[in-house]
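First up is the structure itself, then whatever we jot down about it.
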Amino acid sequence: MLHGGEPCPPELKRRMVDWLGPVFVEYFGFSEGGMTLATTEDWLARPGTVGQALPHQEIVVLDDKGERVPPKTEGLVYFRFLDGTRFSYFGDPAKTEAAYGPDGAFTAGDIGWLDGDGYLYISGRRADVIVGAGVNVYPAEVEAVIDGADGVADVAVVGGPDPERGEQVVAFVVPAPGAVGDDVLAAVEAASAEQLAGYKRPRRVVLCEEVPRDPTGKLLRGRLRQALWDGRTGFAASGS
């Protein structure tokens, strides 16, 4: 069973495997051509990985200076075709140039890291990074923790305005059917305190009926972020 789109939260992936068995293959990639695959066995041995590059590709992770980073160090994820194949965006040479780094490697703007065996882990999208008081918070990491809290059916984490820090971590949480709102908030707070550094913990948790997703299930964080920055919270059922 193939699944992808975004890295699957570890707690959800474990429940899937317990329910259906080791039948899953997770993929990560983008239409420009980069792609990884991770079998269930790969994932169980390395929880959180999205796998290794396909045989004809290479993954490189670069810092802000365009230099390769050591294993287990976050940076911008690039793919490179080993045969030198390149792509271009139709009618947009500037976008094409911006996508390419050194040696024909290209990126779609994902942040992540490689382990010592070349398995890729995705931290989040560069465009989604929350920057507060000079430190970066990746929404996917926070979402994975909250998703495992009791009574949580769905979650989206975005950056909201903060007059002192610039941005603050805001979590939109969909309670599971029958869950009590106060209990869900307490579970989210407890999970965050146990598993996240202080600066990564949500400063605000909003309970809502749903979070926006496209027809394929991909989370549309931009809509929530824009609503926060516009001062609109009418989509929320309740909050704290």
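The values are calculated or read from the model by the stated rules, or taken from the named source; none is laboratory data. Not measured: the values here are computed from a predicted model. As a convention, Cβ positions derive from the backbone with ideal geometry for all residues, glycine included, and neighbour counts pool all protein chains shown.
Is there a residue being touching a residue at least 24 places away in the same chain (Cβ under 8 Å), among the charged types (D, E, K, R), under 26 Å from A99 (Cα atoms) and in contact with a Ser or Thr (Cβ under 9 Å, 6 or more places away or on another chain) anywhere in the stretch 49-65?
Residues of the stretch 49-65 that are touching a residue at least 24 places away in the same chain (Cβ under 8 Å), as a first pass: 49-53, 56-62.
The next check asks that each one be among the charged types (D, E, K, R); those that pass are 58.
Narrowing the set further to residues that are under 26 Å from A99 (Cα atoms) leaves 58.
Of the ones still in play, those that are also in contact with a Ser or Thr (Cβ under 9 Å, 6 or more places away or on another chain) are none.
No, the stretch 49-65 has no match at all.
Taking the stretch 203-215, which residues are under 16 Å from the mean Cα position of the chain (by Cα) and either in a strand (DSSP E or B) or not hydrophobic (A, V, I, L, M, F, W, C) (or both)? Show your work before the answer.
Narrowing the stretch 203-215 to residues under 16 Å from the mean Cα position of the chain (by Cα): 211-214.
Result: P212, R213, D214.
Having 3 or more residues that are modelled with pLDDT under 95 and surrounded by fewer than 17 Cβ atoms within 10 Å (Cβ to Cβ) is the bar; report the helices (runs of 4 or more DSSP H) wholly within the stretch 36-148 that clear it. Don't jump to the end; show me each part of the working.
Values: elements: 40-45, 93-99, 139-147.
Because the criterion is at least 3 residues that are modelled with pLDDT under 95 and surrounded by fewer than 17 Cβ atoms within 10 Å (Cβ to Cβ), the helices (runs of 4 or more DSSP H) in the stretch 36-148 that meet it are 93-99.
May I ask you to list pairs of residues, at least six apart or on different chains, whose Cβ atoms are under 7 Å apart, with the first in the stretch 131-142 being free of Cβ contacts under 8 Å to residues at least 24 places away in the same chain and the second being surrounded by fewer than 21 Cβ atoms within 10 Å (Cβ to Cβ)?
So the pair list comes out as N136/V129.
When you check A187 against the structure, is it buried (at least 16 other Cβ atoms within 10 Å of the Cβ), aliphatic (A, V, I, L, M) and over 25 Å from A127 (Cβ atoms), yes or no? Walk me through how you get there before you give the answer.
Numbers: buried (at least 16 other Cβ atoms within 10 Å of the Cβ): yes; aliphatic (A, V, I, L, M): yes; over 25 Å from A127 (Cβ atoms): yes.
The answer is yes for A187.
Quick one: how many residues across the stretch 1-27 are over 20 Å from S123 (Cβ atoms) and in contact with a Gly (Cβ under 7 Å, 6 or more places away or on another chain)?
0
I'd like the full set of residues that are free of Cβ contacts under 8 Å to residues at least 40 places away in the same chain and either buried (at least 18 other Cβ atoms within 10 Å of the Cβ) or touching a helix residue (DSSP H, G or I) at 6+ places or on another chain (Cβ under 7 Å) (or both), limited to the stretch 5-15. Can you show your working first?
Start the filter on the stretch 5-15 by keeping residues that are free of Cβ contacts under 8 Å to residues at least 40 places away in the same chain, which leaves 8, 13-15.
Answer for the stretch 5-15, where residues must be free of Cβ contacts under 8 Å to residues at least 40 places away in the same chain and either buried (at least 18 other Cβ atoms within 10 Å of the Cβ) or touching a helix residue (DSSP H, G or I) at 6+ places or on another chain (Cβ under 7 Å) (or both): C8, K13.
Out of the stretch 4-35, which residues are touching a strand residue (DSSP E or B) at 6+ places or on another chain (Cβ under 6 Å), over 20 Å from V77 (Cα atoms) and at pLDDT below 90?
none
State whether one or more residues within the stretch 182-200 are on the phi < 0 side of the Ramachandran plot and in a strand (DSSP E or B). Walk me through it before giving the result.
Our first condition is that a residue be on the phi < 0 side of the Ramachandran plot; within the stretch 182-200, this holds for 182-200.
Within this subset, residues satisfying the condition of being in a strand (DSSP E or B) are none.
No: the stretch 182-200 contains no residue that is on the phi < 0 side of the Ramachandran plot and in a strand (DSSP E or B).
Taking the condition of being assigned to a strand (DSSP E or B) and more than 22 Å from D147 (Cα to Cα), how many residues in the stretch 1-33 meet it? Show your work before the answer.
Filtering the stretch 1-33 for residues assigned to a strand (DSSP E or B) gives 2-3, 25-29.
Narrowing further to those that are more than 22 Å from D147 (Cα to Cα): 29.
The total comes to 1.
Here is a list of conditions, (1) farther than 27 Å from D147 by Cβ; (2) touching an Asp or Glu at 6+ places or on another chain (Cβ under 9 Å); (3) of a type in the set (S, T, Y); (4) touching a residue at least 40 places away in the same chain (Cβ under 8 Å), and T36 meets all of them except one; can you say which number that is?
For T36, the failing item is (1).
Within the stretch 139-181, take every residue that is touching a strand residue (DSSP E or B) at 6+ places or on another chain (Cβ under 6 Å) and among the acidic types (D, E) and give me the one that is farthest from R14 (Cα to Cα).
The qualifying residue farthest from R14 (Cα to Cα) is D162.
State whether the residues of the stretch 182-200 include one that is among the hydroxyl-bearing types (S, T, Y) and either in contact with a strand residue (DSSP E or B) (Cβ under 7 Å, 6 or more places away or on another chain) or under 27 Å from V61 (Cα atoms) (or both). Break it down stepwise before answering.
Here is the first cut: in the stretch 182-200, the residues among the hydroxyl-bearing types (S, T, Y) are 192, 199.
With the extra rule that they be either in contact with a strand residue (DSSP E or B) (Cβ under 7 Å, 6 or more places away or on another chain) or under 27 Å from V61 (Cα atoms) (or both), the set shrinks to 199.
Looking for residues that are among the hydroxyl-bearing types (S, T, Y) and either in contact with a strand residue (DSSP E or B) (Cβ under 7 Å, 6 or more places away or on another chain) or under 27 Å from V61 (Cα atoms) (or both), one finds at least one in the stretch 182-200, hence yes.
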